[in-house]
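What follows is a single structure, written as structure tokens, with notes after it.
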Amino acid sequence: MAETMLDAVAKQRTLGADIRALRKARGMTLTDLASAMGRSVGWLSQVERDLSNPAIVDLGKMAEILDVSVSSLVQTGAEPGEEGIVVRADARRPMGSRTAGLTEGLLSPDLTDDFEMVHSHYAPGASLASPLSRPTQEVGYVIKGRIDFMMNGQTFRLRAGDSIRLRGQEFLWANNSGKECEMIWAISPPVY
């Protein structure tokens, strides 16, 4: 019998810690998130301490408020004894924004460290429509392809082997090439 999403959530030991990390990354208190969900602070506290599992409806509301996909909250594919240690290539949690042409997977086992590792794919012609700034330090490394980052009035064209550092400044990106660009990011603190 196939495992349901609820079964996967019930097995996941880091769900509460990941929710806490996402909530804090967005500058929200327990009260803020509980209120936005129409739930009690006590209930949310139990979820964050993995003493209670949220229903799919609650998980959906939480994902919407935290601006992540529901699937990004569910870790799947870890073999017994590997959970929290190994992330299999075919079992990465989808992460990131909902920007068209950008797909991202979490390379870190969860969001409980001081940083996260993210694998990003930028489709040909994809771009960030509005400037983005977040309270992080990030380093991105281009594995393949080409991508432009615009910040501080400058355009930086990155190719395979190049890297870029962002320290909270406003930026835009665009893949103006005809090929996919692939990058690895180290981000602190975790934001996805």
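The values are calculated or read from the model by the stated rules, or taken from the named source; none is laboratory data. As the structure is a computational prediction, the values presented were derived from the model and not from experiment. With ideal geometry, Cβ positions are generated from the backbone for all residues, glycine too; neighbour counts draw on all protein chains shown. All accessible areas refer to the heavy atoms of the entire protein, side chains included, with ligands and DNA or RNA removed. Shrake-Rupley method; radii C 1.70, N 1.55, O 1.52, S 1.80 Å.
Remarks
- Positions within region 159-182 being charged (D, E, K, R), exposed (fewer than 15 other Cβ atoms within 10 Å of the Cβ) and within 19 Å of the chain's Cα centre (by Cα), in sequence order: ARG165, ARG167, GLU170
- For region 121-134, the set of residues classified as open to solvent by 20 Å² or more (accessible area, probe 1.4 Å) and at pLDDT 90 or above consists of HIS121, ALA123, PRO124, GLY125, SER127, LEU128, ALA129, SER130, PRO131, LEU132, SER133, listed by residue number.
- Test: residue in region 47-60 that is over 17 Å from ARG26 (Cβ atoms) and touching a residue at least 60 places away in the same chain (Cβ under 8 Å): no
- Scanning region 153-192 for residues that are out of contact with any helix residue (DSSP H, G or I) (no Cβ under 7 Å at 6 or more places or on another chain), within 29 Å of MET28 (Cα to Cα) and not in a strand (DSSP E or B) turns up ARG167, GLY168, GLN169, GLU170.
- Residues within region 121-152 that are part of a strand (DSSP E or B), in contact with a Lys or Arg (Cβ under 9 Å, 6 or more places away or on another chain) and either of a type in the set (Ser, Thr, Tyr) or free of Cβ contacts under 8 Å to residues at least 24 places away in the same chain (or both), tallied: 0
- Matching residues in region 12-37 - criterion: being open to solvent by 10 Å² or more (accessible area, probe 1.4 Å) and of a type in the set (Val, Ile, Thr): THR14, THR29, THR31
- Restricted to region 1-109, the set of helices (runs of 4 or more DSSP H) holding at least 1 residues that are modelled with pLDDT of 85 or more and over 14 Å from the mean Cα position of the chain (by Cα) comprises 15-25, 30-37, 41-48, 56-66.
- Scanning region 100-120 for residues that are open to solvent by 30 Å² or more (accessible area, probe 1.4 Å) and either free of Cβ contacts under 8 Å to residues at least 60 places away in the same chain or more than 24 Å from SER130 (Cβ to Cβ) (or both) gives ALA100, THR103, LEU107, THR112, ASP113, ASP114, PHE115, MET117.
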